[in-house]
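**Student:** I have a structure I would like to understand better, so I am pasting it below and will then ask my questions one at a time.
The values are calculated or read from the model by the stated rules, or taken from the named source; none is laboratory data. Predicted, not measured: the structure shown is a model, and the values here were computed from it. In this analysis, Cβ positions are derived from the backbone assuming ideal geometry, glycine residues included, and neighbour counts consider all displayed protein chains. The protein model used for the area step is the full one, side chains on, heavy atoms only, and it has no ligands, DNA or RNA in it. Shrake-Rupley method; radii C 1.70, N 1.55, O 1.52, S 1.80 Å.
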Amino acid sequence: MIRQIPRRGILAAGPLVLVGCGHQSPYFGSVTPPARQRLVYANGNEPDAFDPGTYAGGTEMRIINALFDGLTKFHPVTLEPMAALATHFETNSEATRFTFYLRGHPHPRGIRFPNTDDLPEEFSRGHKAPLDGIPARWSDGALITAKDFVYSWRRVVDPKTGSADANYFYYIQNAEEIHKGKRDPEDLGVRAMDDLTFEVILRAPAVHFLALQAQRCFFAVPSHAVARALEWGRVVSGAFRLKEWRPYQRVVLVRNPRYYEAEVVQLEELVFLPVRHSLLVNLYKSGDAHVTDGNFMGPPFAGALRNRTDYWTTPALDRGDYAINVRAAPFDNVLMRYALNMATDKQAIVKALEAGQRPAIGCVPSMKGYEPVTSLPVDVDGISFDVLRYDPEGARSLMIKAGFPSRSGKRMTIDLTFEGSPGVTEILQQQWRTNLNIEVRLQRLEFVVWIRTSLDLTYRGVIEGGWTGKYTDPATFLDLFQNGSVQSGTGWSDAKFDALLTLADRSPNLAIRMQRLAECERFLLAAMPLIPLYFQTYSSLLKPYVRGWAYNALDEHHFKYVWIDRNWRPS
């Protein structure tokens, strides 16, 4: 039984106790399996909303994954597209037209997506994938059709919806014009050819379009439930449905009996707790939580727990950064932005975090076939500065060239907005004070307020940012800077950058596309709308009796394959 956790307890957790019985075991804390198929996930922050089309990009994404399916979902190990609400697809030779065949289609054609039959026994537990001819239904019994996808995708690009992810749909014919109010949502290049055949027309070839489909913004939502203004999570397509949401205490999901693959779902209940840092680790130690989110362990605990058998680290497609409001002085001057980046000792920050992070020189981490940008010489008044290198002297020189300090000699003061632990923020405050002689005022916000402040660009100066890749392609770190997107939190956009990104996406050859994406990254870094700090390593705790769990670079998990091995005992 989970203890009742008041909001104050979550926001001001007690100290972590690492001594005791844990020294007698390779595991940290209790390893007695629960009596029920009930998984408790320490989820970090309080979620915002469970609407796949409008969620702000926080910890609710784990919950949305359990509540809703898209055309595809990620393979839990390889991250390749797997069958979800679609079982097959076809595309034309130019890769500009995709046809998806939904579950229940009597004669699906084309390429079959991998499904449960293609997974190791650890996930399937011997269950076979459902027959393609069995239709998928909403949890209220209504059939899931191609019309649901037409409605859902039109809804996201409709500017009235206010989705922060609408730019991901720009690959589709007319999507950008619709989102900018120049065309009607009905003009989007999608149609229901029949109840179970969904066609998508792209404005140009996009070799990674299938990978995009596992993103939550592409999930179908129930138009009949949205029209009745039902609470999000009550009518769903996923393996679980919402039972209870007590803000700042817990979210409880239960198995959805109408899910098309319900027989493979072993968990009866899935509980998400909005806890982090010491409270997160203490709940895990006591056995009141069974797995922790990879983002919310906190620096002090990684060193103390790294030798435990149930402690896991995984390289992540995740960048820690601080965004800059480029629309307000003094950071509307790119030289000031260069100065901040060059005055930031990222190696020192990574060393302080002690959780395996790697210093971030650029915006995109290493990926298969991609060579990230590692240096960027910029000529200023006949002098070359590598604006990606830690160079306090060069930073001070650029600051002077930008007109600071002023003639009065008064020290510049900037605002630095953050949420969560002040550790990195305080390091930045000290580094910028020492290297640039500027005063940094810290402003701490609660998680939901912080996200909205970033999206709405209602801060001045610098704000804690970060970006978790949505799919395994460099574009996932670049396309949030397209014109029309608010996800970068910087206010920066540039028509030339958009053109370079479009040119890269239209490249039919993968190697050429990667070269062009590197050009996009170089252009973005030359504008410096953010300060990349590090590429993340996920650090989490997982009880040894939790099965069907695989770590991957996106920290994406299929809860429908997870189960509790109640017969597990320490060897």
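**Student:** Starting from the alpha-carbon convex hull of region 358-429, give the projected area averaged over all orientations, in nm².
**Tutor:** If you wrap the Cα atoms of region 358-429 in a convex hull and average its projections, you get 7.3 nm².
**Student:** From the C-alpha coordinates alone, can you work out the Kirkwood hydrodynamic radius of region 414-480, in Å?
**Tutor:** 13.3
**Student:** Where does the charge balance sit around Phe497 when Lys and Arg score +1, Asp and Glu -1, over other residues with C-beta under 11 Å from its C-beta?
**Tutor:** That sum, taken over residues with Cβ under 11 Å, equals -3.
**Student:** Can you give me the accessible area per residue for region 121-252, using a 1.4 Å probe, in Å²?
**Tutor:** Ligands and nucleic acids excluded, the result is 40 Å² per residue.
**Student:** Related question: Mind checking which lysines have their C-alpha under 30 Å from Lys182, skipping anything on the same chain fewer than 8 residues away?
**Tutor:** Lys147, Lys160, Lys470, Lys496
**Student:** Under the 0.36 nm per residue contour assumption, what length would be gained going from the current alpha-carbon distance of Asp494 and Ala348 to full extension?
**Tutor:** 49.3 nm
**Student:** Assuming a viscosity of 0.692 mPa s and a temperature of 37 °C, what translational diffusion coefficient in µm² per second does Stokes-Einstein assign to region 425-571, Rh being the Kirkwood radius over Cα pairs?
**Tutor:** In µm²/s, the coefficient rounds to 174.
**Student:** Amide H of Val380: which non-local residues (sequence gap of 5 or more, or other chain) have their own amide H closer than 5 Å, using H built in the peptide plane?
**Tutor:** Amide H to amide H, under 5 Å and 5 or more residues apart or across chains, Val380 pairs with Phe385.
**Student:** With θ taken as phi - 60° and the coefficients 6.51, -1.76 and 1.60, list the Karplus ³J(HN,Hα) couplings across region 103-115 in order, rounded to whole Hz; mark glycine and proline as x.
**Tutor:** 4, x, 5, x, 9, x, 10, x, 8, 7, 6, x, 9
**Student:** Which ³J(HN,Hα) values, rounded to whole Hz and listed in residue order, are derived for region 355-372 from phi using the Karplus coefficients 6.51, -1.76 and 1.60 in 6.51 cos²θ - 1.76 cosθ + 1.60 with θ = phi - 60°, glycine and proline given as x?
**Tutor:** Karplus-based 3J(HN,Hα) across region 355-372 equals 10, x, 5, 10, x, 9, 7, x, 9, 10, x, 5, 9, 4, x, 10, 9, x Hz.
**Student:** At 1.4 Å probe size, with every protein chain present, just tell me what the per residue accessible area of region 282-331 comes to in Å².
**Tutor:** 33
**Student:** Same structure, new question: Radius of gyration and Dmax for region 37-189's Cα atoms, expressed in Å?
**Tutor:** Cα radius of gyration and Dmax of region 37-189 are 17.3, 52 Å respectively.
**Student:** Could you work out the relative contact order of region 209-283, using alpha carbon pairs under 8 angstrom and six or more residues apart, expressed as a whole percent?
**Tutor:** Worked out over region 209-283, it gives 19 percent.
**Student:** Write down the radius of gyration of region 111-232 and its Dmax, each obtained from C-alpha positions, in Å.
**Tutor:** Reported Rg and Dmax, both Å: 16.4, 52.
**Student:** Accessible surface of Trp492 in the full protein assembly, 1.4 angstrom probe, to the nearest 10 Å²?
**Tutor:** Taking all protein chains as shown, Trp492 has close to 30 Å².
**Student:** Also, I was wondering about something else. Quick one: which residues, 5+ away or cross-chain, put their amide H under 5 Å from the amide H of Tyr538? H built at 1.01 Å from N.
**Tutor:** Thr314, Ala316
**Student:** Now for a different question. Mind computing the radius of gyration and Dmax over the alpha-carbon atoms of region 94-161? Å is fine for both.
**Tutor:** Rg then Dmax for region 94-161, in Å: 15.6, 46.
**Student:** Of the peptides 275-282, 519-526, how do they stack up when ordered by the mean number of other Cβ atoms within 10 Å, highest first?
**Tutor:** Ranked by mean Cβ neighbours within 10 Å, highest first: 275-282, 519-526.
**Student:** Right, next: With θ taken as phi - 60° and the coefficients 6.51, -1.76 and 1.60, list the Karplus ³J(HN,Hα) couplings across region 209-225 in order, rounded to whole Hz; mark glycine and proline as x.
**Tutor:** Rounded to whole hertz, the list is 4, 5, 4, 5, 5, 7, 6, 5, 5, 8, 5, 6, 10, x, 4, 5, 7.
**Student:** Would you work out the Kirkwood radius for region 500-543? I mean one over the mean of 1/r across all pairs of different Cα atoms, in Å.
**Tutor:** When all Cα pairs of region 500-543 are included, the Kirkwood radius is 12.8 Å.
**Student:** A further question follows. Which aspartates and glutamates, on any chain, are close to Lys243 with Cα under 12 Å apart, when same-chain ones fewer than 8 places away are left out?
**Tutor:** By straight Cα distance, Lys243 reaches Glu231, Glu268, Glu269.
**Student:** Moving on to the next point. What accessible area per residue comes out for region 438-501, rounded to a whole number of Å², with a 1.4 Å probe?
**Tutor:** 37
**Student:** Any idea how far the Cα center of region 536-571 sits from the one of region 359-412, in Å?
**Tutor:** Computed from Cα coordinates, the inter-centre distance equals 41 Å.
**Student:** Considering only protein heavy atoms and a probe of 1.4 Å, how much of the accessible area of the chain is carbon and sulfur, as a whole percent?
**Tutor:** Carbon and sulfur together cover 51 percent of it.
**Student:** Additional query: Determine the relative contact order of region 294-394: mean sequence separation of Cα pairs under 8 Å and six or more apart, normalised by residue count, in whole percent.
**Tutor:** Averaging sequence separation for qualifying contacts and normalising by length gives 27 percent for region 294-394.
**Student:** For a quick check: with amide H placed at 1.01 Å from N, whose amide H comes under 5 Å from Leu202's, ignoring anything fewer than 5 positions away on the same chain?
**Tutor:** Here the answer is Arg97, Phe98, Gln173, since their amide H atoms fall under 5 Å of that of Leu202.
**Student:** I've got another one for you. Quick one: dipole size for region 188-295, taken about the Cα centre, charges +1 on Lys/Arg Cβ and -1 on Asp/Glu Cβ, in debye to the nearest 20.
**Tutor:** 380
**Student:** Would you kindly calculate the translational diffusion coefficient of region 478-552, applying Stokes-Einstein with the Kirkwood radius from alpha carbon pairs, for 20 °C and a viscosity of 1.002 mPa s, and quote it in µm² s⁻¹ without decimals?
**Tutor:** Stokes-Einstein gives a translational diffusion coefficient of 143 µm²/s.
**Student:** In whole Å, what three semi-axes, largest first, describe the equivalent ellipsoid of region 206-355 built from its Cα gyration tensor (square root of 5 times each eigenvalue)?
**Tutor:** Working from the Cα gyration tensor, I get semi-axes of 36, 27, 16 Å.
**Student:** While we're looking at this one, here's another question. Can you give me the three principal axis dimensions of the chain from its C-alpha atoms, in Å, biggest first?
**Tutor:** 74, 63, 42
**Student:** Here's another thing I want to ask about it. What is the distance in Å between the Cα centroid of region 148-216 and that of region 286-331?
**Tutor:** That distance is 33 Å.
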